[in-house]
Every structure is written in structure tokens, then in C-alpha cells.
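Comments concern the structure below.
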Amino acid sequence: LVSETVRSIKSLRRFVGKEDIFVFYTPPRSEKTRRKLSELAHVILAPNLTEPFPFSEKRWGRYGEKVHVCDMNYPNVIFLDGDTIVKKNPLDLVDGDFDFSARVADVYLKPEFDLEKWKSLFEKFAVDPIPVPNAGFMIFKNWCHRDIKDLWLKLLNSDIPKLYPYTYHKDQYTLALALAAKKKRIRWMTKREHAFLWLGEKKDAYVLHGGMGLKRRIRRILRRIGIV
């Protein structure tokens with residue numbers, strides 16, 4: 001993950017200076033890795049705030065730790081996963097009348113996704129359900145990230161049902177609940193802004209999201225833009 005994150009930051013550095021890039025580095029960690037990341041960005045040694053959960057049958061992780069983005073003391077913040085490649089300036093997408101922007105998660109559109117159970121999660125907040133956002137590339141505006149933190153973190157550390165038989169996107173489910181409960185205005189991205197490479201989508205988007213198992217394809221893209 002560290003090598004992927006380094007490549008991702010290098011692709012972002014073509015548009016954004018080191019002074020505006022922050023990495024929340026949570027345990028387990030090493031001094032060697034901290035130095036490597038510090039060459040490209042500001043590294044914040046942050047504690048673990050959430051419990052790990054199984055993304056899939058063979059893959060556990062602390063995916064909830066992206067809640068640290070809520071600690072950024074800026075009104076507008078862009079979040080990127082470590083397995084993303086930035087091809088165009090993401091700052092171009094900040095303008096507009098919205099509080100949060102992301103692409104709808106592809107899992108939400110699958111026939112196996114339990115829409116009825118999803119809708120029931122929103123009933124306790126007395127709000128209409130919204131789609132599941134993909135959390136790999138997100139834009140928070142108007143202090144939205146600060147406003148949703150407490151609720152998002154509380155939900156991350158609570159029991160949320162599995163809604164899709166093959167993967168468990170607890171970080172994304174709870175983010176949607178927090179956004180809806182706080183009545184945030186959302187602008188949904190298109191694949192020309194956030195492309196999912198695992199779906200074979202075009203590579204002319206602002207951000208290319210690789211996912212696991214696509215290292216060869218990602219390396220070819222990085223070579224073309226001069227990162228490796």
C-alpha cells in the first residue's frame with residue numbers, strides 16, 4: 001500500500017504542491033516509511049480511531065481510518081485513496097453549489113445489493129436514502145467533513161449490516177448515512193471525473209481508481225504520464 005500511495009502522491013504533485021498534501025499515517029507504521037512519505041507530503045502520525053473490519057472474506061483492513069480527513073482544518077478538502085492516479089487537476093472540480101461530491105459506488109448498482117435493507121438504515125434518521133458513495137475520491141466543501149465527523153465515527157464503530165454478499169463497504173455505508181442525516185448537498189461525479197479501472201472504463205478521467213489486482217495496468221498508465 002505504501003508504494004501505491006507514493007505513486008499516487010507523485011501523480012498528484014504535478015498539480016498540487018507538497019504544502020497542500022497531507023497523509024494521515026496510522027499504525028502499524030515504520031520510520032523508514034514515514035521518511036519516504038515525508039519527501040512528498042506532510043505526514044501526520046495519527047492514532048487508530050476505528051476497529052478493522054472484513055472488506056471481503058480474505059481481506060481485513062482499517063478502511064474506517066479515512067475518517068481522519070474530517071480533522072483537516074480547511075473549509076474545502078479533497079480525499080484520495082492510495083490506489084488512485086491523478087491525471088487532471090482535481091481542483092478544477094471544486095467549484096459548484098454542493099457540500100460533498102463523489103461517484104456512486106458500483107456495488108450500489110449491482111442486483112445483489114440489498115436495497116430494502118439499505119433503505120431501512122435511513123429510517124432511524126427520518127431522511128430519504130441516498131446512493132452509496134465510492135470513498136476513493138471525495139470532495140468536501142463548506143466544512144462538511146468537520147460537521148459529519150462525530151456521527152460518521154460513531155456509525156463506523158457500530159454494527160452495520162452486510163448489504164452485498166461479496167464485499168463489505170462499511171466505511172461507505174456509514175458515510176452515506178452521516179451525509180444524509182446532516183442533510184448535505186451532494187453532487188455525484190461521472191466516470192469522466194472518477195473512473196473505475198476494474199470496470200474497464202476510459203482513462204481520460206481526472207482520477208483513475210485502480211483497486212486490487214490491477215498493478216500491471218496501473219504501471220503502464222504511470223509510465224505514460226512519467227511517474228515510473
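The values are calculated or read from the model by the stated rules, or taken from the named source; none is laboratory data. None of the values given here were measured: they were computed from a predicted structure. Don't worry about glycine lacking a Cβ; one is built from the backbone with ideal geometry, like all the others, and counts go over all protein chains shown. Just so you know, the surface numbers come from the protein's heavy atoms only, side chains and all, with ligands and any DNA or RNA stripped out. Shrake-Rupley method; radii C 1.70, N 1.55, O 1.52, S 1.80 Å.
Given the residues 35, 13, which is the only one that is open to solvent by 70 Å² or more (accessible area, probe 1.4 Å), at negative phi, without any contact (Cβ under 8 Å) to a residue 12 or more places away in the chain and not hydrophobic (A, V, I, L, M, F, W, C)?
35
Looking at residue 125 and the list (1) at pLDDT 95 or above; (2) surrounded by 11 or more Cβ atoms within 10 Å (Cβ to Cβ), which single condition is not satisfied?
Failed condition: (1).
Test residue 19 against the criterion of being surrounded by fewer than 16 Cβ atoms within 10 Å (Cβ to Cβ), part of a helix (DSSP H, G or I) and among the acidic types (Asp, Glu), and give yes or no.
Answer is yes for this residue.
Taking residue 37 and the conditions (1) of a type outside the set (S, T, N, Q); (2) modelled with pLDDT of 95 or more; (3) not in a helix (DSSP H, G or I), which numbered condition does it fall short on, given that it satisfies the others?
Every condition holds for residue 37 apart from (3).
Quick one: residue 107 ticks every box in (1) within 16 Å of residue 160 (Cβ to Cβ); (2) open to solvent by 60 Å² or more (accessible area, probe 1.4 Å) bar one, so which box is it?
(2)
Among the residues of region 45-75, which ones are open to solvent by 40 Å² or more (accessible area, probe 1.4 Å), assigned to a loop (DSSP other than H, G, I, E, B) and farther than 12 Å from residue 153 by Cα?
47, 52, 57, 58, 62, 73, 74, 75
Does residue 79 satisfy the condition of being open to solvent by 30 Å² or more (accessible area, probe 1.4 Å), farther than 20 Å from residue 140 by Cα and not in a loop (DSSP other than H, G, I, E, B)?
Judged against the criteria, residue 79 is not a match.
Of everything in region 22-32 that's surrounded by 14 or more Cβ atoms within 10 Å (Cβ to Cβ) and either of a type outside the set (Val, Ile, Thr) or over 16 Å from residue 81 (Cα atoms) (or both), which residue is modelled with the lowest pLDDT?
Within region 22-32, the match that is modelled with the lowest pLDDT is 29.
Residue-by-condition table, conditions (1) of a type in the set (D, E, K, R); (2) in contact with an Asp or Glu (Cβ under 9 Å, 6 or more places away or on another chain):
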position: 42; (1), (2): no, yes
position: 49; (1), (2): no, yes
position: 56; (1), (2): no, no
position: 72; (1), (2): no, no
position: 96; (1), (2): no, no
position: 101; (1), (2): no, yes
position: 107; (1), (2): no, no
position: 116; (1), (2): yes, no
